[in-house]
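The values are calculated or read from the model by the stated rules, or taken from the named source; none is laboratory data. Nothing here was measured: the structure is a model prediction, and the numbers come from that model. Reconstructed Cβ throughout: ideal geometry from the backbone, glycine too, with neighbour counts over all protein chains shown. SASA here: full protein model, heavy atoms, side chains in, ligands and nucleic acids out. Shrake-Rupley method; radii C 1.70, N 1.55, O 1.52, S 1.80 Å.
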Amino acid sequence: MTELTGLFVEKPLNNVVAVAGADITFIARVDSTTLTRKPTMKWLKGKWLDLGSKAGKHMQFKETYDRNTKVCVCLFDLILFYAGGYRCEVTAKDKCDSSVFEKICLILLTLNSFHTHRDAGEDDGDLDFSALLKAAKKKKRPEEPEIDVWELLKNAHPSEYEKIAFQYGITDLRGMLKRLKKMKAVPIKHTEAFLKKLDSCYSVHKGKKIVLTCEVVDPNVQVKWLKNGQEIKPSAKYVMEANGNIRTLTINKTTLADDAAYECVVGEDKCFTEVFVKEPPITITKLMDDYHVVVGERVEFEIEVSEEGAHVMWSDVELHKDKDSKFRFKKDGKKHTLIIQEATLDDIGMYHAWTNGGHTKGELEVEEKELEVLQDIADLTVRATDQAVFKCEVSDDKVTGKWFKDGAEVLPSSRHKMTHIGRFHRLVIDDVKPEDAGDYTFVPDGYALSLSAKLNFLEIKIDYVPRQDPPKIHLDTTGNMVSQNTIIVVAGNKLRLDVEISGEPAPTVWFKNRDVPELPSHNKFDVCQPITDTEGRVRVESRKDLSCFVIEGAERDDEGNYTIIVTNPAGEDKAVLFVKIVDVPDAPEDVRCTSVGEDSAAILWNPPKFDGGAPVKGYLMERKKKGSSRWTKLNFDVYESTTYEAKRMIEGVLYEMRVFAVNSIGLSPPSLTSKPFMPIAPTSEPMRLTVHDVTDNSCSLKWLIPEKIGAGGLDGYIIEYCKGGGTEWVVANKEICERQGFVVRGLPVGEKINFRVVAVNMAGRSPPATLQQPVTIQHPKIRLPRELRTKYIRKVGDKVNLTIPFQGKPRPVATWFKDGQPVDTKLVSVRNSNVDTILFIRAAEREHSGTYELLLQIENLEDRATIEIRIVDKPGPPLNVRVTDVWGFNAALEWEPPKDDGNCEITGYTIQKADQKTKEWFTVYEHNRRSNCTASDLIMGNEYMFRVYSENFCGLSEEPRLQCKRNPYKEKDMSCMPKFTQPLIDRSVLAGYSTAISCAVKGFPKPKIVWMKNRRIIGEDPKFLMQNNQGVLTLNIRKPSTFDGGKYSCMAVNELGQDEVECKLDVRGKDSGEESKGGRRVGREE
């Protein structure tokens, strides 16, 4: 927390008393010499009401700013009686200040009658315009002697304050009471709730934490915190704490939104404060570069600042105000750019950029464009009525120009035509006349340059030749001749060879060129081809006794042997000339940095492919920082070697190099810029090299970056391996690995492999990081559980969950097949992990049966496992069950096996019989393996039914029925009422031991049996089990207690009547039983 910075030079007056209706002006002066820009000033009434929106007839604001003294003056004119508390607030980017003052208005009016005025209310920032309207309507009476109202109020009783205020027209009762308190110098009392209030204001930097602290009287009281009148809820940002009498509000990671007024409320008492959030200074992270351009080029001064949306001021503030300025300003996130579309000479100078926390500058140098002449105008000699064409070529295709003849401009006409196509400018003169002869000049617009040539008019005269002389060539071996018959021409220059010829009649001249072994086969001119063109770059101009061979802008392909042949009827003569074209050498090639040191670098390059026809004398080197446009020369004397050690460099800064070759003609073009390099030493070794994963033919390695990297950074890593015990290291990665991890593939299976990792940067390789022990490569393997190696059988509806563990890294690809086809994921669920695979069937069906195969693959290696799954169900019923024979008390049965065996073997058959009368089934045979049997112990004369179940692993099949009739006989009426043939017997049992009571009953139809205890029917109590076996009735009582004792009765009921028997069950406790046994034992001992 910091105090507010004092910015006010002059604060508004406080406690100003003014007469209602009069004007008053408040003046505030602010010193902004320490600020980056003019501050913002606000006038407020009360605590929050901004008066800027209330400006008008009754409130006027005026603000001036002196640029020399940087003092801001703000005037506030207040009219009529707007009494209350006011505040002037000054804010800047990282500073703020405020001043509070009050105005008290008195209305000195004589009233005709007594009027009751409404209280002005709380000073909450609202303006009372109703009082203004009422006062405007009243008429003023003649002035009366002034009465000192404050002396009157000071001596009056507080109960008289309101009456005096009404009498003298004081509407602001609250302001009046405040002034009286100050006049009476009443000592300030502490509030009942707070021992120590919040500070008047707090200041904090954006993003930092601030703590608001106050002290309350009651340590158990609950407080509320408000922000701009809204209650603050506890959160990670707002932390409220209570420690004894201390109450704190902590605001974490403050933002501009936290710049507000805060209150701490205890009941009806409050304390206030204001928090001002300062923004951190904006720094410039990327400085401005210098520019060196030519006229008309685009210039972009670019900088980067630390935060987005920051304010940047360029060079002069006036740049922002000129709407028609050619300067453009661009913002893109943190990037700020000053753009000059087309630079002129007036733009030369230093450009500045400011933020509130930084400054940078860059210099702009502008040069005039240099126009290069690629092809000069050639002199022409033409005959009458021929066409003359002057042609030139310049480097800029946008340059225009004018043609002049003997200083006068040539205007277009029917015979004079001027064209401009690309870089070529032509003047065509049709039907040449003698008056067209003269000097012609082409002047490019905007350049102090002119190209001139002469037009000669040739008159043809026929003379009589009385005699004939053989032709003779007279060569001048001086001038360009370096040796006999050899001419050296600098590339780009013009060659004009004048050859004197004698002979009568005038000989015919041919220039031919011959191929030279040293020249490339793609020479521009064919071997021994005559040169007869009188126009163009290579041409022949003939005059009397003189022949001129001209090459405009000599090129390398023009080099070679040229033959001059002159003939006439009297003979022939020849001369051979060798034209050698010399030029500046080509640029050196493949400039590269081979090694770097802490402040030096070794540079190597290849000589130029073509030395320009003259030996290369040496080289000149230049370097610059990457991103800069300024090249610095490293040597001023020619350096002969192709290696150079650049010194006095800054460690950690990226540099680029270029090289020039020098021969006797001049300086070559610069070479291609080398790759950026940085003077720095190699890094330390990578740290914590570990094996992350191992597969059948690969190994995954991980490591951490080197502990010491340096300013040059880190280009990447090289991973190498060798077999255990070997010394030959093999590089695993073709390209430098930039991550801290790599998978080495193609490793031999079963071998022990050593690995090492080397960090690489511009300075070279670091020391290697190695593993302590070698790594062994293994095959993928399926670990099939023992229970799955045989047939796996489950019933229909059961859940199938097979978990098959395996080994292999990286994660093997597990694929399931059923009967040779991939499994249907709609019927079977498969889940794979790094260590196992799960085959899951929620509810098995018959169609899930089959042979399942698991395929485990890691690239080219694989492992397989086969599992046979059989899902079984209950078999179908036997077929064609029949009685084949009946004799005596026996019946022979036969049947056929079921059509559906339930997908497993039939283990046997179960045969049951039932009397047609009782319809109770009894088992005759179980697990009968054959498909026939004999049922014995039948009662003659009864009719029987038989049923046969087929049985397998899942159980019994459904039941078929068969009836078998004995010989007919007369049935006896067996109907009788129920009668117990064996009664219930009283019993005495020991508690905790299960017991049973039994009786026998007969009756037809079969009676219904009801068991009762103490005349209450025994229901479905699980403690009691009631059985009826062929009329023998049994009631089983499970572990009876003493409460189970009593009278038990059994009632049999049918449609003919009922019968009942009864017994008494006595249940003895365990203790009594032991005592009785003990008594008997003692008696025996006696």
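Figures for the structure shown
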read-out: Accessible area in the full protein assembly, largest first, 1.4 Å probe, for 586, 436; value: 586, 436
read-out: Cα-projected label distance for residue 976 with residue 155, points at 7 Å along beta-carbon direction, nm; value: 14.0 nm
read-out: Solvent-accessible surface ranking, highest first, for 1033, 704 at 1.4 angstrom; value: 704, 1033
read-out: Options 243, 220, 341, ranked by Cα towards positive dipole end of the range 213-365, top entry (Cβ charges); value: 220
read-out: List 416, 205, ordered by accessible area with a 1.4 Å probe, largest first; value: 205, 416
read-out: Label-point gap, in nm, between residue 811 and residue 361 - each point 7 angstrom along Cα→Cβ; value: 6.2 nm
read-out: When each of 417/494; 899/1006; 326/624; 181/233 is checked by Cα-Cα distance, pairs over 28 Å; value: 899/1006; 326/624; 181/233
read-out: Within straight-line cross-link reach of residue 1064, aspartates and glutamates at Cα separation under 19 Å, skipping those fewer than 8 residues along the same chain; value: 986, 1044
read-out: Inter-centroid distance (Cα atoms) of the range 212-235 relative to the range 623-649, Å; value: 69 Å
read-out: Positive-end extreme of charge dipole, the range 592-731 - chosen from 597, 610, 726 (charges on Cβ); value: 610
read-out: Nearest-10 value in Å² for the accessible area of residue 980, using the 1.4 Å probe; value: 20 Å²
read-out: Gyration tensor over alpha-carbon atoms, the range 769-868, equivalent ellipsoid semi-axes in Å; value: 31, 13, 12
read-out: HN-Hα J in Hz across the range 815-828 - Karplus 6.51, -1.76, 1.60, θ = phi - 60°, x for Gly and Pro; value: 10, 9, 10, 10, 6, x, 10, x, 5, 7, 5, 6, 9, 10
read-out: Accessible surface of residue 240 - all protein chains present, 1.4 Å probe, nearest 10 Å²; value: 60 Å²
read-out: Order by protection proxy (mean Cβ within 10 Å, highest first), peptides 207-213, 873-879, 683-689, 666-672; value: 873-879, 683-689, 666-672, 207-213
read-out: Label point distance in nm, residue 469-residue 556, each placed 7 Å from Cα along Cα→Cβ; value: 4.5 nm
read-out: Neighbour cut-off at most 16 other Cβ (10 Å), DSSP loop, GluC sites (Glu not before Pro), the range 824-897; value: 845, 859
read-out: When each of 209/278; 979/1023; 62/278 is checked by Cα-Cα distance, pairs over 19 Å; value: 979/1023; 62/278
read-out: Accessible area of residue 887 in the full protein assembly, 1.4 Å probe (Å², nearest 10); value: 110 Å²
read-out: Magnitude of the charge dipole, the range 363-434, Cβ model with Lys/Arg +1 and Asp/Glu -1, debye to 20; value: 740 debye
